Every structure is written in C-alpha cells, then in structure tokens.
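The values are calculated or read from the model by the stated rules, or taken from the named source; none is laboratory data. None of the values given here were measured: they were computed from a predicted structure. Virtual Cβ from ideal backbone geometry, glycine too; neighbours counted across all protein chains shown.
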Amino acid sequence: MVWVIVIGLVVIFVIIGVTSSKKEKSIKNDLQSRGLNLDDFVSVGAYVGGHPDRNENVDNCFANREGEEMVFYRRIIAEMPQRKFSIKRENVKNISVEDASSIENKITVGRLLLVGVFALAWRKKKKNELAFVVIEWNDGRFDHSTTFSLEGKDAMTKANTVRNSLIKLCN
C-alpha cells in the first residue's frame, strides 16, 4: 500500500515538472518572438513607488533593456512577465543604494517556558535588513526617484548587485 502512494506521488511530481517545463518553454518562445530573452531580465526587488505611471506596489519586479528604455515587469514563475512601466535610459541621472536595517527584539516561546517572566528581559535580537535601490531621473519636466526595496539576509549586497545591473542596462 505504501509503495502505491510513493509511486503515485512520483508520477504526480513528474507530470507537474513536465507541464511547468513546457509552459516555461512556451513563454521563452513567445518572448523570443518579441525579441526578448528571459535570461536578460534582471530582478530588482519590489517596486515601492516614485514612477508617475504606477501608483501600486509591484512585487517580483524585473527590468530589461528594450531599445532606448529600461522596461520594468512583474514576473511570476511559469507565467508571462507583465509590463508595468518604463524609464528612458537617457533620462537616468543616478542610481543609488540606501540602507534601512532595523533590529527587532523577540520573545520566543522557548525562552518564556525556560525562564518565565524573565523572558521579557532576555529577548532574542533579530536583524531585519532592508535596502533600497533608487533611480533618479527626469522626464523633461519633473525629477523622479523610482524606488525598489530588497529585504532579508545580505539585502545591501543584493541591492548593490541590482544597482550594478541597472547601470549596465543604462549603458
């Protein structure tokens, strides 16, 4: 009986793998027909704000160079990227990285059980790293600061990598 369940799970995983592989291949072919390559998309974190054409946040934001523009997309795995907004490369004045790390104090259940009320004084410190990549640009009339956020471990390193990738897209 156990072997039937194991074999059934293996078959399900194989079917899911083949289906997602076919969908990914279909997306790549569709993008290539538009002159785009999925490998050229650069992950830039989550769009926070600062673009006049986009009021809502965009998670999983990716950038790509298309002609004279940097085009930003929302990308979900195994789905076609959705174009959200663009910035003309010649309008970019600066791309910078900013830090906003914070330290949280947490009381864990284990500490509460171990030391009781004294757990309030013996809190676990957890560092939440948060970094921002800011693209400063001018549309001919107004100055804009389009901002993307990256969080988690090594957020500053990731933000610096994103900055360097965006600079390459601008050149």
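Residue by residue, here is whether (1) farther than 30 Å from Arg163 by Cα; (2) surrounded by 11 or more Cβ atoms within 10 Å (Cβ to Cβ); (3) at pLDDT below 70 holds:
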| residue | (1), (2), (3) |
| --- | --- |
| Val6 | yes, no, no |
| Leu9 | yes, no, no |
| Ser20 | yes, yes, yes |
| Arg34 | no, no, yes |
| Gly45 | no, yes, no |
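For Thr147, the conditions (1) more than 19 Å from the chain's Cα centre (by Cα); (2) of a type outside the set (A, V, I, L, M, F, W, C); (3) modelled with pLDDT of 90 or more all hold with the exception of (1). Does Asn91 qualify as being at pLDDT below 90 and surrounded by 15 or more Cβ atoms within 10 Å (Cβ to Cβ)? So Asn91 does not fit the description; no. Within segment 152-163, the set of residues being touching a residue at least 60 places away in the same chain (Cβ under 8 Å) and either among the β-branched types (Val, Ile, Thr) or surrounded by 16 or more Cβ atoms within 10 Å (Cβ to Cβ) (or both) comprises Lys158, Ala159, Val162, Arg163.
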